[in-house]
Amino acid sequence: MYNSEAALEKARVRIGLVGTGYAAKFRAEALLNDEQVRGGQAGRSHLVAVVGHTTEKTQSFAKEYEIEGLSSWQELVGREDIDLVVISTVNRDHGAIARAALTNGKHVIVEYPLSLDVVEAEELIALAKAQQKLLHVEHLELLGGLHQALKQNLAKIGEVFYVRYSTINSQNPAPRKWTYNHELFGFPLIGALSRLHRLTDLFGKVFTVNCHQRYWEIEPEYYQTCFCTSQICFNSGLLAQVVYAKGETIWQSERKFEVHGEKGGLIFDGDTGIFIQPGENIPIEVGSRRGLFAKDTTMVLDHLFDGTPLYVTAEESLYTLKVADTAQRAALTGLTMFMKDV
């Protein structure tokens, strides 16, 4: 499978982590708990080193998890004692770090998106294949309770003709952080690629995309509010509306997924779900969102050591990235864009 398969059978995979934030902490805990998850057997992973945006954050993280703190990601990807690089940092840097890691013969786990640029993402997938290395783009939303409940109940509602998915986060004051920075986060539906990936995973190929967006600015680099809405027509004829918004000028938070079919509807509001048919509403059990980083990490290790299939491929993530890039072009031009040539 991979050119290091024999080596992996003999030793633990040695891991370097880029990032010290929310996702990085969950990833570190998942890796350090691997031995316990395996019932006391020798763990398959060894977290070696970490690097963050600042020396202070790096050293604090390194001390907490008893690993080595480095001064740059360039140093980390060049280390001979690291087999796998986990990228949990700002979206802007995903592509550059993944390219350097693959070039240096490392396996790669990267939180979505793989890159903010479609061409670069295509090049990275080709590079991983040429190097015979794993390139795994994390898509935790596919493992979560809501998505699994959708899959389990979708057949009950017949042919689906309309979907509305809204994730609206009212934040006042808006935080001055990278997720509110144009360059670091990227176009909203690229930075928040999971909003579209749920749909492509459930409903397949896209025919047309249109999109509108607006920012309320604090300064050139940071915005206080982002509002983005897109309409996506699938090859099946299904129409999906995706709304993504966050910040100060948003007055009511909402996390809602509606799926309307010819025999009924599925409505998920927050962590509760109902199946609607004429004259009755039936509650749907929605599993927890906890433990997904651990589940993803375990599946990656299972794949590396035992060859078990992963729940998502880099190519599937790339296709969704192309849909998001098409939405960006639609927002810039005001035109409905066709996906037939993508």
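Where a number appears in this text, it was derived from the coordinates with a stated rule and is not lab data. Since this is a predicted model, take the numbers as computed values, not measurements. Reconstructed Cβ throughout: ideal geometry from the backbone, glycine too, with neighbour counts over all protein chains shown.
Taking Cα pairs under 8 Å and at least six residues apart, what relative contact order does segment 106-263 come out at, in percent?
Values: 268 pairs, mean separation 48.6, N = 158.
31 percent.
Give, as a single signed number, the net charge of other residues whose beta carbon lies under 11 Å from the beta carbon of ARG92, with Lys and Arg counted +1 and Asp and Glu -1. Walk me through the numbers on the way to the answer.
Numbers: positive: none; negative: ASP93, ASP117, GLU183.
Neighbourhood net charge equals -3.
What whole-number volume per residue, in cubic angstrom, does the convex hull of the C-alpha atoms of segment 69-119 give? All intermediate terms of the calculation are to be shown ahead of the outcome.
Working: hull volume 3.8 nm³, N = 51.
Convex hull of Cα atoms, per residue: 74 Å³.
LYS295: which lysines have alpha carbons under 19 Å from its alpha carbon, excluding same-chain residues fewer than 8 sequence positions away?
List returned: LYS25, LYS151.
What helices in the chain pass both tests, a Cα length along the helix axis of 27 Å or more and a mean Kyte hydropathy of -1.0 or higher, using whole DSSP H runs?
Values: long enough: 314-333 (28 Å, -0.10).
Helices meeting the span and hydropathy rule in the chain are 314-333.
For the chain, what is the relative contact order in percent, using Cα pairs closer than 8 Å and at least 6 residues apart in sequence?
Numbers: 686 pairs, mean separation 62.5, N = 342.
Reported as a whole number, the value is 18 percent.
Antiparallel DSSP bridges in the chain: what percent, to the nearest 5? Display every interim value, and only then the final one.
Details: 47 of 76 bridges.
About 60 percent, rounded to the nearest 5.
Calculate for the chain the 222 nm mean residue ellipticity that helices alone would give, adding -39,500 (n - 2.57) per DSSP H run of length 4 or more and normalising by residue count, nearest 500 deg cm²/dmol. Display every interim value, and only then the final one.
Numbers: 13 runs with 123 residues, N = 342.
Estimated from H runs of four or more residues: -10500 deg cm²/dmol.
Starting from the Kirkwood radius over alpha-carbon pairs of segment 5-138, derive D by Stokes-Einstein at 10 °C in a medium of 1.306 mPa s and give it in µm² s⁻¹. The partial results should precede the final answer.
Values: Rh = 14.9 Å.
Reported coefficient: 106 µm²/s.
Find the percent of Cα-Cα distances in segment 63-151 that exceed 15 Å, and round it to a whole number. List each step's numbers first, then the result.
Numbers: 2410 of 3916 pairs.
Above the 15 Å cut-off, segment 63-151 has 62 percent of its Cα pairs.
Averaging sequence separations of C-alpha pairs under 8 Å and six or more residues apart, then dividing by the length of segment 5-138, give the relative contact order as a whole percent.
Values: 233 pairs, mean separation 29.8, N = 134.
Over segment 5-138, the number comes to 22 percent.
When you count, for each residue, the other Cβ atoms within 10 Å and take the mean per peptide, how do 85-93, 222-230, 305-313, 288-296 rank with the highest first?
Details: 85-93: 23.3, 222-230: 21.0, 305-313: 13.8, 288-296: 16.1.
So the peptides 85-93, 222-230, 305-313, 288-296, ranked by packing, come out 85-93, 222-230, 288-296, 305-313.
Which percent of Cα pairs goes in each bin when the distances of the chain are cut into 20 angstrom slices starting at zero?
Each 20 Å bin holds this share of Cα pairs: 29, 57, 14, 0.
Going by average Cβ neighbours within 10 Å, how do the peptides 176-187, 147-158, 110-121 rank, with the highest at the top? Could you put the intermediate results ahead of the total?
Details: 176-187: 17.3, 147-158: 15.6, 110-121: 22.0.
So the peptides 176-187, 147-158, 110-121, ranked by packing, come out 110-121, 176-187, 147-158.
Which percent of the Cα-Cα distances in segment 96-239 go past 18 Å? Walk me through the numbers on the way to the answer.
Details: 6826 of 10296 pairs.
Roughly 66 percent, once rounded to a whole number.
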